[in-house]
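Undergrad: Below you'll find the structure I mean.
Since every read-out is calculated from the coordinates, none of them should be taken as a lab result. Source: prediction; values computed, not measured. FYI the Cβ positions are ideal-geometry reconstructions off the backbone, even for glycines, and counts take in every protein chain you see.
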Amino acid sequence: MQTITLYKNANSIYKNLKSTRPRTKTDLKNYLKVFLNLNISDNKICPEHNAPLDYLWHCYNSDFTNQTVNADCIVWAGRGGGKTLIAAVATLLDCVFKPACKTRILAGSEQQAQRMFDYLTEFLRDGFENFLAEPIRKNRCVFKNHSDVEVLTQSAASVRGSHIHKLRCDEVELFDRQILEAAKFVTKSGNGIVGAMEMLSTMHQPFGIMHDTVAKAQEIGTKVFKWCIWEVIENCPPERSCSRCPLNSDCQGKARRAAGYLKIEDCLAQMRRSSRAAFESEMLCLRPSLENIVFAEFNSDIHIAPLDYEPSLPLYRAIDFGFVNPFVCLWIQVDSDGTVRVIDEYVKSRMTIDGHAVEIKTKISSGDNVVATFCDPAGTGVNDVTGTSAVSRLRALGIPLRYKRSSILDGIELIRRALRSGDGKSSLLISPRCGRLIEAMSSYHYPPAGGADELPLKDGIYDHPIDALRYFFVNYNSSNSAKSRKY
């Protein structure tokens, strides 16, 4: 009888503790160990990274602070980094400890969304059944405290019809961009719960959704949590030899300090069966894969440097026309060694040619030192409404233009040669002021496999700064005189 009583008391204490909200990050870590048998790493190995527990604490604790917070966040982690599982844990915690919390799961594919939901239902069936108000359905579960979770499909109707507290978007790199834009408007704070959108993914491509999302995060104050293989790999035992380990060049002893779950042998197998570029992007989170990138030779450490206008050097301008798509002007000098120095840029949409002319003429105080302004030959086309061309209008405003017709591939080859010639030398430098050009150099890409031709994709974003740079190289390097005509 006494044993039964002790058992009942212990069981009652266990249930009470399961319903007791963790107050600190340490409490949360211990709660997960005891009730979910999970050891979420709080060990940050790489200096610029976060521990996985940092993300979980952020989204869990944002509703328990006494101040207004931006609960949105981005999770950039490698393959096998536990993103989906940890997001499922966050969903469970929201439903158990935040009454009436409405959470939705949206992923790049139905299968990926179901994975997160399956993790959640496994947790519920392993000791959290008493929190449920009704049996778990295929894509929805409801809790006694009126919280609920539902899986959304990648459709406008599914996304636009939701108004909820928490939206967890898994593998956003695979999202339809229009669906993702619609999803940004579905969260709403209420009942003491902060509305939040969380976006989780590996960064596969430098021109993909995740790349754009991370790049804009700092501007809008969104927290980015990043971790790689070293934050989740298992501890490397002393008997393993670093000198004989294929991971050693990347590891450099990091695994000796690790305390994760990812098996070393699994990491080695993945390394052997993948390309170096894929391993760096998918596991090390160093940079996106350069597959499909036009200028894979572009290296920020080599090709970006502080540059100022040098009065002793001739100055060139290169223009790509646009209205809805951006109008681009680059200012370029070439030094005595033949190094092309892009010193400034102007990128603006929805402005008249007259407005652009004012900006161009006052951007750099260079007097009469502009040797030539090169442009897109298409600018000679006459507008049906105005009866004039962009070229003739700029000429009338004091900006004479020159051009030479050429193929896109010819211009691309000239840029590649400047990035890295056959002897391995570079003759192209870009000022940090040229942010749009730098982004384009990193992201200008070919269409997905199976495209009709081998020309880079004209996406209206990255192609215009590159086109302006092409016009410079085609005209400057031309053995024939560039054309200069009056209209």
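Undergrad: Which of the peptides 112-118, 49-55 is most tightly packed, and how do the rest follow, judged by the mean count of other Cβ atoms within 10 Å per residue?
TA: 49-55, 112-118
Undergrad: Take every DSSP beta bridge whose two residues both sit in segment 104-229, then give the antiparallel share in percent to the nearest 5.
TA: 30 percent
Undergrad: If you take every DSSP beta bridge whose two residues both sit in the chain, what share of them, in percent to the nearest 5, is antiparallel?
TA: Taking every DSSP beta bridge within the chain, about 40 percent pair in antiparallel fashion.
Undergrad: Arranged from highest to lowest average of other beta-carbon atoms within 10 Å per residue, in what order do the peptides 323-330, 77-84, 235-242, 343-350 appear?
TA: Highest-to-lowest ranking by the protection proxy: 77-84, 323-330, 343-350, 235-242.
Undergrad: What is the distance in Å between the Cα centres of segment 201-231 and segment 129-179?
TA: Rounded to whole Å, the Cα centres lie 23 Å apart.
Undergrad: Take the residue pairs 44/425; 15/166; 83/458; 425/458 and return only those whose Cα atoms are more than 31 Å apart.
TA: With Cα atoms farther than 31 Å apart: 44/425; 83/458.
Undergrad: Can you tell me the orientation of helix 408-419 relative to the chain, as the angle in degrees between its alpha-carbon axis and the longest Cα principal axis, to the nearest 10?
TA: 80 degrees
Undergrad: Using the alpha-carbon atoms, what tilt in degrees (0 to 90, nearest 10) does helix 25-36 show relative to the longest principal axis of the chain?
TA: The answer is roughly 60 degrees.
Undergrad: Would you please report the Å³ per residue occupied by the convex hull of the alpha carbon atoms in segment 300-476?
TA: 126 Å³
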